[in-house]
1. Hey, what angle do you get for helix 50-83 against the long axis of the chain, alpha-carbon based, 0 to 90 degrees rounded to 10?
2. Could you tell me the relative contact order of the chain? Use alpha-carbon pairs under 8 Å, at least six residues apart, and round to a whole percent.
3. With all protein chains present, how much of the accessible area of the chain (probe radius 1.4 Å) comes from carbon and sulfur, to the nearest whole percent?
4. Pairs of Cα atoms under 8 Å, at least six residues apart: use those to get the relative contact order of region 280-422, whole percent.
5. So what is Rg over Rh here for the chain, counting just Cα atoms and using Kirkwood for Rh?
6. With a ≥ b ≥ c the root eigenvalues of the C-alpha gyration tensor of region 86-204, is it rounded (a/c under 1.5), prolate (a/b larger than b/c) or oblate?
7. So with the 1.4 Å probe, I'd like the accessible area per residue for the chain, rounded to whole Å².
8. Quick check on region 239-334: take the gyration tensor over C-alpha atoms, sort the square-rooted eigenvalues as a ≥ b ≥ c, and tell me if it's rounded (a/c under 1.5), prolate or oblate.
Amino acid sequence: MIHFNLLLQIFLAVFLLRSGAQIYLSRLNIAYLRQRGTTVPEIFQDIIDPERLKKISAYTVDSENFSRVATLANQGLFLVILLSGFLPWLVKTISLWKYGQIVSGLIFFAVLSIFANLLRIPFSLYEAFVIEERYGFNVMSFKVWVSDLFKSIVIGAIMGGLLLGLLLIFVIYGGDIWWIWAWMLVGGFELLLLWLYPVVILPLFNKFDPIENIGLENRIRTLMEKVGLRAKGIFKMDASKRSKHTNAFFVGLGRTKRIVLFDTLLASHTEEEILSVLAHEAGHWKKKHILRMLIPLEILSLVSFYAVAKLLNWSLIYQTFGFQESPVYVGLFLIGTFISLIGFFAEPLESAISRRFEREADDFASELVGTAKHMTTALKRLASDNLANLSPHPLYAWFYYSHPPLVERIERLKAEKVGSRQ
């Protein structure tokens, strides 16, 4: 039976505060767009006309509304599962099978994963075949969508089950310092995933071929060699079989490091723009942004595991949510829920650090290619092609945006270009 004590009251207050903040920021962003997003910003007038701007605004509103409904539905289901007494019943039922805590924990989290996936399916379908299709992005067939879903579930079950099983082993048999071993396990698993992702996981979803433009490939290699970056290969990804969105990225670790260009990007951008985009990505590598972000995150992860270790035997947290026993896998779930809630309010700090790194990468790209011109035209084209919101509310952007708002970002690049001429 759920106990409506002080701990539960605090949990519900923080939970509702998070949901309220998400609703407020979403509605604020839409209202700001409708008020300010009716005129094409001056720096975009050479590529975006009023009709295109209307489409951008409509896509932003539809996407924002959909995201808010999906998020609240997910949170609502989670709250119902948590407060209905279903989880204590599930734990009691699993315990009848006498599997032991490791297998019981895997079953417990598998059931939760099934609920999450069942809720995700209709929203994923609606996003792909209604919203994305309405605005001309979706080109994915239902067969491909089903295939992607099946592969994602299988991969998630295998990798998630393996990680969770090992984690439970460390918790149960790792002694008083299990949290250190668990932290090392999770960190090592993340590094392994970075190494395997481009050569094992990504090819299950997309086809990767060497880019056909040998001249462009040579220019990319020459540019990367300037900063000492040697990738295993430069590949074109068949993104166009799912979506018309454009992008490019670096992926992998060590010998698996690859440069990946969406075929949609290759089709819509000039070589100079592509080189500028890749120079920006090289800037992240040269400035060690991944490492600079990873170190504080790993420190925070270590602190989180220590907190879990200290709270895992706290009987009140189990009793509050109706559990008569205190299996470690339930403790991991409940404490993880609290940490996740608190983590939401730290999102602006992570966003601010990310935006700073993006500005540094922009500066690096301009210096590497010798001009900011092509980066600005690339950003304009990316904004137009992807129907990016040109008028986000400043508070919304401060809270969520990992990149500076596009108008601000391009104006900064143009100002630096002008300043470099004086």
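The values are calculated or read from the model by the stated rules, or taken from the named source; none is laboratory data. Source: prediction; values computed, not measured. Don't worry about glycine lacking a Cβ; one is built from the backbone with ideal geometry, like all the others, and counts go over all protein chains shown. The area values use the complete protein model at the heavy-atom level, side chains included, leaving out ligands, DNA and RNA. Shrake-Rupley method; radii C 1.70, N 1.55, O 1.52, S 1.80 Å.
1. Orientation of helix 50-83: about 10 degrees from the principal axis.
2. Result for the chain is 23 percent.
3. 64
4. Rounded, it is 28 percent for region 280-422.
5. Over the Cα atoms of the chain, Rg/Rh equals 0.98.
6. Verdict is oblate for region 86-204.
7. That works out to 52 Å² per residue.
8. prolate
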